[in-house]
Amino acid sequence: MREFVQRKSGQVVAPEIGREFDSLAEAFEFYNLYSWEIGFGIRYGQSRTNAKKSRTVQDIVCGCAGRPKKENTKSVACNCQALIRLHRTADNGWYIHDFRSEHNHHLSSSCGEKLHWPSHRNIDTHTKDIVKHLRSNNIGITKVFCVIASFFGSMESVPFNKRALKYMCKRMNQETADDDIRKTVQLFSELKKNDPMFADSVLVDGDSKIQALMWTNGRSRYQYKMFGDAITFDTTYRTNQYDMPFGLFVGVNHHFQSIILGGVMMRNEKQESFEWVFKEFVSLMGGKAPVTILTDQCRAMELAIAEVLPGRKHRWCKWHVLRRAKESLGSVYTQNKDFRDELHKILEYMLTVEEFEAAWAKLIQKYGLQEHPMLTQIYELRQKWAKPYFAGVFCARMTSTQRSESANHMLKNFVPAGASMHMFVRNYQKLQFDRDSEENFAEKKSHLVSTVLKTGLPMERHAAKSGERAGQKHLTMSKCINLRISSNVSVECMSIWVCSAAMRSG
């Protein structure tokens, strides 16, 4: 190093013909240090081998060497002749046989410019491991770069730029996606070892290509037995490598929290695919079909439910109906506050069929919408979304697929965009763990925190006291009354629940 410091040329590192190195990697690192000082990047060039297929000559060239593969492109290749030519020594080392220092292009002057040469993007193994863990937990590239910068002290001290980090993450995704199906099958095997009740099902076509993949775990299957009477199903989530729709079966537990019952990746959203999905879901859940299922207004889904789940209540998401009305009515909806208020009143507060029919007819007549095609269509199918037609039907306080869409939103916090199938399943398990943790917290809280009454009615007070004496505050009749208010459960059923609780409590 002393000989480099004493040079009067101002360069710390300078190639000299005859200089020897123990390995090619050492020679490359030496020339790379020189290229950093001068302001260019390097790469391995042509090589020659002897009769024994052993490399004897190796060129390390400028990053601008060669010619572009196509004319009129943004390639940096400009046939630059700068290089060092290495020959092998008798003891298998290397020495500089030829050195060309002249460049025919602009040399980078600032540190920021130099970092954009591939040979100067030095990402060490430890940093790569940190990036891998951060990216697997769905941390964005910008935030990952900021975290790495905090280790180095500042962004200026990071020995690579964000573009290099982005390129490295892209290569990591490609490596992760290799042999995806085998990795997914292996992951399912690991999950089954840890959870004997874990179950999965695959739909393949005639060419043995996966058309749908469904899975659920033991806790979800147990929860379905307890709370599977009313569920929602939604397929709006698509953030995965194959752009496959992802459907979530979501229910509600005794704390009114969303519970994840199962997930399915689908190649398409045809009726045949949905028929397989609902049939397999019921099979995985022990053969018990839900009483009520809420979905959006997908026609293929509607036909599939009618075929696979006959006699079950299929309810449309009220929010989707309202959004469709907003889109099709245009200015009638957006610019007329009175119309919006009256429509919302019909959706929210009409309790009997007679009240709904009278209010709907009045609304249509008042605003002259008798011939409106969308309103005519949804009115003909009012049994699927109008509140009065669900009196006595248990819905667990769900009038829309909002719980599924909320679960989709939570899933985005765990699953990276463009995730491969096995990484998607692995991160889905993290969402499952998160929901289970929330339920455990609510369970602990319900055993220790006093019951909060909602109505203050004498029946509610008596039910709460009965539940406390039985040591089951989390299953008090207060919650049963809340269910009765939210889902129009009959008074007779409510009376049976109260009497049963009183008998159990002594």
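The values are calculated or read from the model by the stated rules, or taken from the named source; none is laboratory data. Predicted model, so just to flag it, every value in this text is computed and none were measured. Cβ: placed from backbone, ideal geometry, glycine included. Neighbour counts: every protein chain shown.
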Open item on the list: Would you confirm whether or not region 337-346 contains a residue that is assigned to a helix (DSSP H, G or I), under 13 Å from Tyr389 (Cβ atoms) and at pLDDT 80 or above?
Closed with: yes
Task: Entirely in region 376-486, the helices (runs of 4 or more DSSP H) that have 1 or more residues that are modelled with pLDDT of 80 or more - done: 421-448, 458-469
Open item on the list: Need pairs with beta-carbon distance below 8 Å; first residue hydroxyl-bearing (Ser, Thr, Tyr) and within region 294-307, second part of a helix (DSSP H, G or I); sequence gap 6+ or separate chains.
Closed with: Thr295/Met301; Thr295/Glu302; Thr295/Ile305
TODO: Could you tell me whether any residue of region 153-174 is of a type in the set (Ser, Thr, Tyr), in a loop (DSSP other than H, G, I, E, B) and over 22 Å from Met266 (Cβ atoms)?
DONE: yes
Open item on the list: Any residue in region 101-124 that is modelled with pLDDT of 85 or more sitting within a Cβ distance under 9 Å of a residue that is assigned to a helix (DSSP H, G or I) and of a type in the set (Lys, Arg)? List the pairs, counting only those 6 or more apart or interchain.
Closed with: Ser108/Lys114
Task: Residue among Glu272, Glu302 that alone is farther than 25 Å from Arg324 by Cβ and surrounded by fewer than 23 Cβ atoms within 10 Å (Cβ to Cβ) - done: Glu272
